[in-house]
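To start, the structure itself, in structure tokens.
Values quoted throughout were computed directly from the atomic coordinates according to the rules given, and no laboratory measurement underlies them. In this text, all values refer to a predicted model and were calculated from it rather than measured experimentally. Cβ: placed from backbone, ideal geometry, glycine included. Neighbour counts: every protein chain shown.
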Ligand code: F0G
């Protein structure tokens, strides 16, 4: 994008309603009462019933699809090669090249870092470990700030800029804040980050500092940060960029559209992803349902959501309460990105889980750590929260929900380098103090601690020989 000069300003009056732009193609709707407001309140909840809002596209009907799908698919692919034209920055973005399925935002307001366009990798070693023939990973850690958050942030931050906000803010376990800070900086807006003190990785914290955010480490957990932020946006004209913001969900839809494009529009049998605040599950599920409605795909994959055992409110909601309620909990897991006890988007996620026939599963800290090392051993790697997908796949395979011949795609949400501390402690055997248990033994076979030796050729050759014998 040619960066437009943007002189940020507060919205003229401090009204609690945001304009939803001249929405040509999309409208807001409450997921609870079905109200269709013209504008969203600053907390993006329905003013009538308090539920979350979502975008829908009144012009789309399955009876007469608004697009010729063959033309659309060809155009989306062609845009990747686009150069030099006014819209080249949009075309080169793996989000905005799918703009026909997004709310309209005029190009002069769009903030893009050429997000999306992330690779789809095969995982042969992980496939063997899980007992499936066809396993691939869509690596959303290959985005500009190294997590999937960029795909939603480009849309939501652009909407903040369009509405003339000077400040944007989020509560975060680290990735949303890194992404928001980057997009705010590119869009000449100030950003406020609320993160739980001592509970996010240094990699993520360092990003928001470098991108110039006002970073507040609150003495609470993620859910406590969300509470404060919701109070703050009632007091001040600050644009909320958590995934309750429906623009975030729209942007995050594109990873599923791009995935299907990469698969030649052949639907896999299963897609598996981590569940934290449950925005991403909602987004990917929404994309799948919309693609089916538009006849871009002929069938749906089963979308399964995996949580850490210590941060499993959605798992318990589905298993214990049949999705009728969600009991918030104090969350605890070393996969700090998904240390969330009161997920905002659980009702949206439940809807797509049911619509696609997917499953929920929970995995232990040992299972997460081993799965992460296995994904690393395929030469790919990811952050701990992403690894719950492989750990969950193994469980779903053992339960028979996934069969050996099924095609499976894992959504890897964050890059390996997001949390090097976890990785180093794992390989040094410092992550757990249960090395004698069966799980500990299994992990040992995956650990590759660094070897400290003299600067001596003989010592290096001895280390090489030892490694050769053990491989
Ligand atoms: N994986 C990673 C790497 C994440 O950072 C998150 C969420 C998730 C999975 C879960 O996604 O919340 O949409 O269900 N991170 C948020 C953050 C909460 O603040 O960075 P979700």
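Which of the residues belonging to the range 100-121 are under 20 Å from the mean Cα position of the chain (by Cα) and not in a loop (DSSP other than H, G, I, E, B)?
Narrowing the range 100-121 to residues under 20 Å from the mean Cα position of the chain (by Cα): 101-103, 111-121.
Result: 101, 120, 121.
I'd like to know if the range 154-168 contains one or more residues that are under 20 Å from the mean Cα position of the chain (by Cα) and within 12 Å of the ligand (Cβ to nearest atom). No. Candidates in the range 123-147 are the residues that are under 21 Å from the mean Cα position of the chain (by Cα) and without any contact (Cβ under 8 Å) to a residue 40 or more places away in the chain; of these, the one that is nearest to residue 180 (Cα to Cα) is 144.
Considering every residue within the range 249-258, establish whether at least one is without any contact (Cβ under 8 Å) to a residue 24 or more places away in the chain, more than 11 Å from the ligand (Cβ to nearest atom), over 18 Å from residue 353 (Cα atoms) and out of contact with any helix residue (DSSP H, G or I) (no Cβ under 7 Å at 6 or more places or on another chain). Talk me through it step by step, then tell me what you get.
As a first pass, look at the range 249-258 and keep what is without any contact (Cβ under 8 Å) to a residue 24 or more places away in the chain: none.
The answer is no, given that none of the residues of the range 249-258 is without any contact (Cβ under 8 Å) to a residue 24 or more places away in the chain, more than 11 Å from the ligand (Cβ to nearest atom), over 18 Å from residue 353 (Cα atoms) and out of contact with any helix residue (DSSP H, G or I) (no Cβ under 7 Å at 6 or more places or on another chain).
Does any residue of the range 156-163 turn out to be assigned to a strand (DSSP E or B) and more than 20 Å from residue 118 (Cβ to Cβ)? No, every residue in the range 156-163 fails to be assigned to a strand (DSSP E or B) and more than 20 Å from residue 118 (Cβ to Cβ).
Residue 144 - would you say it is within 15 Å of the ligand (Cβ to nearest atom) and surrounded by fewer than 24 Cβ atoms within 10 Å (Cβ to Cβ)?
Values: within 15 Å of the ligand (Cβ to nearest atom): yes; surrounded by fewer than 24 Cβ atoms within 10 Å (Cβ to Cβ): yes.
Judged against the criteria, residue 144 is a match.
For the range 327-352, residues that are more than 10 Å from the ligand (Cβ to nearest atom), more than 18 Å from residue 50 (Cα to Cα) and not in a loop (DSSP other than H, G, I, E, B) total 1. State which residue is nearest to residue 409 (Cα to Cα) when the search covers only the range 377-388 and only residues that are assigned to a helix (DSSP H, G or I) and more than 9 Å from the ligand (Cβ to nearest atom). Checked the range 377-388; the qualifying residue nearest to residue 409 (Cα to Cα) is 387. Consider residue 373 carefully, then state whether it is within 16 Å of the ligand (Cβ to nearest atom), closer than 29 Å to residue 205 by Cα and either part of a loop (DSSP other than H, G, I, E, B) or in contact (Cβ under 8 Å) with a residue 40 or more places away in the chain (or both). Judged against the criteria, residue 373 is not a match.
Check whether at least one residue in the range 307-318 is part of a strand (DSSP E or B) and crowded, with 24+ Cβ neighbours inside 10 Å, and report yes or no.
yes
Taking the range 268-291 as the range and being within 14 Å of residue 120 (Cβ to Cβ) and away from the ligand (no atom under 16 Å from the Cβ) as the test, only 268 passes. Under the condition of being in a loop (DSSP other than H, G, I, E, B) and crowded, with 24+ Cβ neighbours inside 10 Å, which residue from the range 389-432 is nearest to the ligand (Cβ to nearest atom)? Top of the filtered list is 413. State whether the residues of the range 247-260 include one that is farther than 22 Å from residue 55 by Cβ, in a helix (DSSP H, G or I) and out of contact with any strand residue (DSSP E or B) (no Cβ under 9 Å at 6 or more places or on another chain). The answer is no, given that none of the residues of the range 247-260 is farther than 22 Å from residue 55 by Cβ, in a helix (DSSP H, G or I) and out of contact with any strand residue (DSSP E or B) (no Cβ under 9 Å at 6 or more places or on another chain).
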